[in-house]
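Note sheet for the following structure.
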Amino acid sequence: MKIALGADHKGFQLKSKIMPLLKKRGATVIDFGAFSESSVDYSDFALKVSEEVAAGRADKGILICWTGNGMTIAANKVKGIRAALALTSEMAQLARSHNNANVLTLSGKYTKTAELENILKKFISTEFEGGRHERRLGKIKKYEDENKC
């Protein structure tokens, strides 16, 4: 599995913890930065990672900023991206199984280090259930297509 990874300056520390956990799970990681705690704009990283996933050059994306909200908002502007903020492993599992999320957003401030590995595991390993959820996602895709989102 190929994962595009990005963080702003407030997500840099958590990103540093995520890299080895992903590699331990056998993932190939494309690191888009940030590469320090120097102030940068979260939107730059959200858009790069999301475009990589939307183009099929990465299977999934992971983004980190201070709360996770900015990354989620920016990532969801890219057509075909379904970014979801997960603060627990259950949120990550449901984001995949019900929403077919292809980008996970995390909070540098609120993500508990003890929960991090389980969040990543659930996001990577959970399959989309389809069924009633597919109908709902189809409505979103139809809106994107009709409104040139």
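The values are calculated or read from the model by the stated rules, or taken from the named source; none is laboratory data. Everything numeric here is computed off the predicted structure, so don't read it as measured data. Positions of Cβ are generated from backbone atoms using ideal geometry, with glycine treated the same way; all protein chains shown enter the neighbour counts.
Cβ-Cβ contacts under 8 Å between residues 6 or more apart (or on different chains), taken from a first residue in region 114-136 that is touching a residue at least 60 places away in the same chain (Cβ under 8 Å) to a second residue that is among the small types (G, A, S) and not in a loop (DSSP other than H, G, I, E, B), are listed as L120/A92; K121/S89; F123/A92; F123/A95.
Considering region 39-128, the qualifying helices (runs of 4 or more DSSP H), each wholly inside and each with 2 or more residues that are small (G, A, S), over 26 Å from K148 (Cβ atoms) and more than 13 Å from the chain's Cα centre (by Cα), run over 89-97, 113-125.
What are the residues in region 129-139 that are assigned to a helix (DSSP H, G or I) and either at pLDDT below 90 or of a type outside the set (A, V, I, L, M) (or both), if any? Steps first, answer last, please.
Of all residues in region 129-139, those assigned to a helix (DSSP H, G or I) come to 132-139.
Of everything in region 129-139, those that are assigned to a helix (DSSP H, G or I) and either at pLDDT below 90 or of a type outside the set (A, V, I, L, M) (or both) turn out to be R132, H133, E134, R135, R136, G138, K139.
A single member of K79, K122, K109 is buried (at least 18 other Cβ atoms within 10 Å of the Cβ) and of a type in the set (D, E, K, R), and it is K122. On inspection, G26 qualifies as at positive phi, part of a loop (DSSP other than H, G, I, E, B) and touching a residue at least 12 places away in the same chain (Cβ under 8 Å).
No other residue among L21, L5 is touching a residue at least 12 places away in the same chain (Cβ under 8 Å), among the hydrophobic types (A, V, I, L, M, F, W, C) and surrounded by fewer than 19 Cβ atoms within 10 Å (Cβ to Cβ) apart from L21. Considered as a group, the residues in region 27-62 that are of a type in the set (D, E) and surrounded by fewer than 17 Cβ atoms within 10 Å (Cβ to Cβ) include one that is nearest to T126 (Cα to Cα), and that residue is D59. Just one of the listed residues (T105, T28, T72, T126) is of a type in the set (S, T, N, Q) and more than 22 Å from I140 (Cβ to Cβ), and it is T28.
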